[in-house]
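Step one of this worksheet: look at the structure below.
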Amino acid sequence: MLAASLSKDLLLLWRARAQSASTYAFACTLLLALSLAAGPDATALRQSAAGFLWASVLFTSNLLLASTFRDELESGALEAILQLGAAPRALFFSKAIANALLVALVGLALLPALAALFDATTARPLALMGLVLLSAAAISAPGTLFAAIAAKARAESSLLLPLLLLPLLTPVLLASVQATRLLLFGDPMGQLMPWMLLLAAFAALFWPISGLLFGAVLEES
């Protein structure tokens, strides 16, 4: 069931690739606007690079997550899938995996723009890519759950999702920014691993919890 649901969600993402491209353009524009707001000081730009990167990823993620269930709820497709006997937990994990891939792709695609706009490069590019993947996993689990809650609210969904999600993701934002700074500027004190473990612990906690709560969210009228 999970494999079939994941195949369906990945196919939907592929069909919506034009929308995903426009969302990536929004993320690049946001990153550019933040770089202009920081001023022409090259040192200040580089110091701000990590924070601006993850602010862009986080706000763009809200746009991506907001559409997770909206179309299926409005068309009645989600209800029909559940009536056919699909397990809510399988639906959640397929959506969360697809969202994690989408958020990770945005984050990875922003790295060249980060290097160009902020002169922010690292001697450990693979570690930075791994950080983006881990952060995407931490964002997508609660993000998928709250996207379902916001979609059920319908009229208030565009405002409800960031109000619910952004405060909860504060530890993810903090850990991602600090770990990125260490990768960009060096880690003489060996502080990178604790921040990575915080992200891993957050993801390990919220993936099963969100999966358990998802069924109750769908049952709400």
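Which one of the conditions (1) small (Gly, Ala, Ser); (2) over 23 Å from ALA203 (Cα atoms); (3) modelled with pLDDT of 85 or more does ALA98 fail to meet, given that it meets all the rest?
Among (1) small (Gly, Ala, Ser); (2) over 23 Å from ALA203 (Cα atoms); (3) modelled with pLDDT of 85 or more, ALA98 violates only (2).
Can you give me the ranges of the helices (runs of 4 or more DSSP H) entirely in region 105-221 with at least 1 residues that are β-branched (Val, Ile, Thr) and open to solvent by 50 Å² or more (accessible area, probe 1.4 Å)?
Here the list reads 125-153, 170-185, 192-219.
Could you say whether any residue in region 30-40 is at pLDDT below 85, open to solvent by 60 Å² or more (accessible area, probe 1.4 Å) and assigned to a helix (DSSP H, G or I)?
Among the residues of region 30-40, at least one is at pLDDT below 85, open to solvent by 60 Å² or more (accessible area, probe 1.4 Å) and assigned to a helix (DSSP H, G or I), which makes the answer yes.
Across region 21-46, which residue is farthest from PHE118 (Cα to Cα) among those that are of a type outside the set (Phe, Trp, Tyr), out of contact with any Gly (no Cβ under 8 Å at 6 or more places or on another chain) and in contact (Cβ under 8 Å) with a residue 60 or more places away in the chain?
Per the stated criteria, the residue is THR23.
Out of curiosity, is ALA27 at pLDDT 75 or above and either assigned to a helix (DSSP H, G or I) or out of contact with any helix residue (DSSP H, G or I) (no Cβ under 6 Å at 6 or more places or on another chain) (or both)?
When the stated conditions are applied, ALA27 passes them.
Among the residues of region 20-58, which ones are in contact with a Lys or Arg (Cβ under 9 Å, 6 or more places away or on another chain) and at positive phi?
None - no residue of region 20-58 is in contact with a Lys or Arg (Cβ under 9 Å, 6 or more places away or on another chain) and at positive phi, so the list stays empty.
With respect to LEU82, is the statement that it is among the hydrophobic types (A, V, I, L, M, F, W, C) and modelled with pLDDT under 70 true?
The answer is yes for LEU82.
Can GLY76 be described as open to solvent by 20 Å² or more (accessible area, probe 1.4 Å), of a type outside the set (Ser, Thr, Tyr) and either closer than 30 Å to GLY215 by Cβ or modelled with pLDDT under 90 (or both)?
yes
The values are calculated or read from the model by the stated rules, or taken from the named source; none is laboratory data. These numbers come from a predicted model, not from an experiment. Note: ideal-geometry Cβ built from the backbone for every residue, glycine included; neighbour counts use all protein chains shown. Heads up: the accessible areas ignore ligands, DNA and RNA and are worked out on the full protein's heavy atoms, side chains in. Shrake-Rupley method; radii C 1.70, N 1.55, O 1.52, S 1.80 Å.
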